[in-house]
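Read the structure below first, then the notes.
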Amino acid sequence: MTQKIVIAGSGFAGFWAAVSAMRAIAQAGKEGEIEVTMVSPTPNVTIRPRLYEAVLENMSPDISAQLAAIGVHHLAGLVEQIDSENQTLGVTSAEGQMLQLDYDRLVLATGSQLSVPPVAGFAEHGFNVDTLQSAQRLDAHLKALAAQPETPARNTVVVVGGGLTGLESAAEMPMRLRAILGSEANIRVVIVDTAAEVGAGMGAEPGVVIRQALEECGVEPRAGMRVTAIDADSVTLSSGERIAANTVILAAGVRAHPLVAQIPGERDGSGRIVGDAFLHAPAAAGVFVTGDTVKAATDALGNHNLMTCQHAMSLGRVAGHNAAAELVGLPLHPYSQPKYVTCLDLGAWGALYTEGWDRQVLFTRAEGKKIKQEINTQWIYPPAADRDALFAVANPDFVIVP
């Protein structure tokens, strides 16, 4: 009887889980005995870390050929319900049909979604770069500004959130606005951060570099503040300051996909399941959690994965391998990712590259930018549709870092 592995999600973690699972099945000589199905709306990997950029081409590469090359079936649809006791899934297909899938192992790789604070006006007037569709909506809005009468509000963009996405969006924005509105336009970009200093979350030394870069790019900081209201023409801050702006970009963090709530178990503050060393959901037999759905130890020093593609790719490889290994009799592989790097794009200034959880600054400006461009255009994209080449980089120990 054929056993079934279902992978929910086709992002970085889901894609690599599929490849790693098929690699393990092939190693065990069990091809034809284990069926691997990926469920997602379309067979695409959205390159989410790049959605702050001005050019949105090739941000959602099609992985149909890769899945076909390794023998993974793609089901176009959305997992809506998880019954972990009976090991079944309720799926709405792309045609609107309600389907039930049985599984022997489930790999939950549904990622995360933008966390929207309960502030009046965000839903109606805010923009974000959380999905390709939302990034395209922002891009269309920015380009349409050129047809509007020149006002301070038209020429101003406010970015809410001082994490990686907020910093990259803010640093990129002066160049984008000048390209759209002209070099003579009196543009203004403001970043709002609840931290005492913008960039403080990156650490003391990187924070100094970030603030210098933002100043050179022409980005105004508003630290120790939050947004209290937004309308079509302005943003109001907790300090009482009102900033005239037609464009407000929310980048205040993410939470695990709501589907994770259907899995029993301990969760962290971001809604992620606290997984074990093998990425099991400990309270749900047969379920593996990976990518942004899991909190897992990266080392023995107390560090845990972040909700980034850097960790998602490795987590996916481990979860996929282990899901298959349990069915084919291979040893399970514990998740470990002790090397941690950060490469932060800072617009025209360049980029900041750090290593270690203490974020030691190693490269800045043009040197950092070169590394960032390699990461963004090569390392995080799916390889070509060659079975052997895919399997060669799908082992659970494989990590792409500089």
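The values are calculated or read from the model by the stated rules, or taken from the named source; none is laboratory data. Since the model is a prediction, treat every value here as computed from it, not as a measurement. Because the Cβ atoms are built from the backbone with ideal geometry, glycine has one as well, and the counts that use them run over all protein chains shown. To get the accessible areas, we keep the full protein, side chains included, count just its heavy atoms, and leave off ligands, DNA and RNA. Shrake-Rupley method; radii C 1.70, N 1.55, O 1.52, S 1.80 Å.
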Test for E168: is it open to solvent by 20 Å² or more (accessible area, probe 1.4 Å) and either charged (D, E, K, R) or within 27 Å of the chain's Cα centre (by Cα) (or both): no
Condition set among the charged types (D, E, K, R) and outside any strand (DSSP E or B), scope segment 94-108, selection farthest from A324 (Cα to Cα): answer is E95
Touching an Asp or Glu at 6+ places or on another chain (Cβ under 9 Å) and either of a type in the set (K, R) or under 18 Å from V55 (Cα atoms) (or both): does that describe R137? no
Checked segment 186-207 for anything in contact with a strand residue (DSSP E or B) (Cβ under 9 Å, 6 or more places away or on another chain) and open to solvent by 50 Å² or more (accessible area, probe 1.4 Å); matches are R188, T194, A196, E197, G201, E205
Checked pairs for segment 372-400, first more than 20 Å from L279 (Cβ to Cβ), second part of a loop (DSSP other than H, G, I, E, B) and open to solvent by 60 Å² or more (accessible area, probe 1.4 Å), C-beta under 6 Å and 6 or more apart or across chains, list as W379/I400
Just one listed residue, out of D104, D83, is in contact with a Gly (Cβ under 7 Å, 6 or more places away or on another chain), modelled with pLDDT of 95 or more, surrounded by fewer than 22 Cβ atoms within 10 Å (Cβ to Cβ) and not β-branched (V, I, T), and it is D104
Condition set free of Cβ contacts under 8 Å to residues at least 40 places away in the same chain and hydrophobic (A, V, I, L, M, F, W, C), scope segment 204-222, selection nearest to G347 (Cα to Cα): answer is V208
Of the residues in segment 246-272 that are assigned to a loop (DSSP other than H, G, I, E, B) and among the polar types (S, T, N, Q), the one that is surrounded by the fewest Cβ atoms within 10 Å (Cβ to Cβ) is S270
Checked against (1) touching an Asp or Glu at 6+ places or on another chain (Cβ under 8 Å); (2) open to solvent by 60 Å² or more (accessible area, probe 1.4 Å); (3) not hydroxyl-bearing (S, T, Y), R226 satisfies every condition except (1)
Restricting segment 116-154 to residues that are more than 17 Å from V254 (Cβ to Cβ), modelled with pLDDT of 95 or more and of a type in the set (G, A, S), the one surrounded by the most Cβ atoms within 10 Å (Cβ to Cβ) turns out to be A153
Review point. Does A28 satisfy the condition of being among the aliphatic types (A, V, I, L, M), more than 17 Å from the chain's Cα centre (by Cα) and surrounded by fewer than 19 Cβ atoms within 10 Å (Cβ to Cβ)?
Key: yes
Taking first residues from segment 156-181 that are part of a helix (DSSP H, G or I) and second residues anywhere that are buried (at least 24 other Cβ atoms within 10 Å of the Cβ) and of a type in the set (S, T, Y), the pairs with Cβ under 8 Å that are 6 or more apart or on different chains are T165/Y52; E168/Y52; S169/Y52; E172/Y52
Of all strands (runs of 3 or more DSSP E) fully inside segment 273-356, the set with 1 or more residues that are modelled with pLDDT of 95 or more and open to solvent by 10 Å² or more (accessible area, probe 1.4 Å) is 341-345, 351-355
Taking segment 228-260 and keeping only residues that are at pLDDT 95 or above and under 30 Å from T354 (Cα atoms), one is left with V248, I249, L250, A251, V254, R255, A256, H257
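The rows are residues; the columns are (1) more than 21 Å from D268 (Cα to Cα); (2) out of contact with any Gly (no Cβ under 7 Å at 6 or more places or on another chain); (3) free of Cβ contacts under 8 Å to residues at least 24 places away in the same chain.
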{"residue": "H304", "(1), (2), (3)": "no, yes, yes"}
{"residue": "C309", "(1), (2), (3)": "no, yes, no"}
{"residue": "S314", "(1), (2), (3)": "no, yes, no"}
{"residue": "V318", "(1), (2), (3)": "no, yes, no"}
{"residue": "P331", "(1), (2), (3)": "yes, yes, yes"}
